[in-house]
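What follows is a short report on a single structure.
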Amino acid sequence: MAEPVIGCPISGELADRARQTIKDLRHAPEQVHRDHVVELILELTETSFDYHFQRPLRSLGVGFATRKSIDYGLKGAMRVIRSSMQRVIRGLEHDHYAKVADFLEDAYFPEAAGDRS
């Protein structure tokens, strides 16, 4: 039985880019620009932050000041995540890219990840 996943919907365009990046990381890692991987991870993270934090606040009618305060905290978190991800991804060797692909697939496409097992 698959483990529960905390997820959020992503656009078809973002899903297509993520799937293509996963494929490229596995089959042509030397052609994948590291910054592209970082930007993809950041966009997926921002989408998740919006879905799990901002969307509920908007639907609850939480005031502007409170939403902006939380938004400010999330933007700070994104700066830290960006800096950390850049260091990590830029430091990887190409032979580690398959593991990054596995992580992305596990996190965003768990139904496909089961096919790897």
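The values are calculated or read from the model by the stated rules, or taken from the named source; none is laboratory data. All of these numbers come straight from a predicted model, not from anything done at the bench. Here the Cβ is made from the backbone with ideal geometry for all residues, glycine too, and neighbour counts use every protein chain on show.
Tell me, yes or no, whether region 42-54 has at least one residue that is under 16 Å from the mean Cα position of the chain (by Cα), surrounded by 14 or more Cβ atoms within 10 Å (Cβ to Cβ), of a type in the set (Phe, Trp, Tyr) and over 22 Å from residue 9 (Cβ atoms).
Within region 42-54, none of the residues are under 16 Å from the mean Cα position of the chain (by Cα), surrounded by 14 or more Cβ atoms within 10 Å (Cβ to Cβ), of a type in the set (Phe, Trp, Tyr) and over 22 Å from residue 9 (Cβ atoms).
Six or more apart or on different chains, Cβ atoms under 6 Å: show the pairs whose first residue is in region 91-108 and over 9 Å from residue 26 (Cα atoms) and whose second is loosely packed, with under 13 Cβ neighbours inside 10 Å.
So the pair list comes out as 94/30; 105/112.
Say we look at region 1-41 and pick out the residues that are surrounded by 14 or more Cβ atoms within 10 Å (Cβ to Cβ) and among the small types (Gly, Ala, Ser); which of these is nearest to the chain's Cα centre (by Cα)?
18
Exactly one of (1) loosely packed, with under 14 Cβ neighbours inside 10 Å; (2) at pLDDT below 95 is unmet by residue 67. Its number?
All conditions are met except number (1).
Using the structure shown, decide if residue 21 is in contact (Cβ under 8 Å) with a residue 40 or more places away in the chain, out of contact with any Lys or Arg (no Cβ under 6 Å at 6 or more places or on another chain) and within 24 Å of residue 111 (Cβ to Cβ).
yes
Which residue, of 72, 51, is of a type in the set (Ser, Thr, Tyr) and more than 28 Å from residue 112 (Cβ to Cβ)?
72
Which residues, taken from region 25-39, are within 11 Å of residue 101 (Cβ to Cβ) and touching a residue at least 12 places away in the same chain (Cβ under 8 Å)?
If the condition is that a residue be within 11 Å of residue 101 (Cβ to Cβ) and touching a residue at least 12 places away in the same chain (Cβ under 8 Å), then 25, 26, 29, 32, 37 are the ones that fit.
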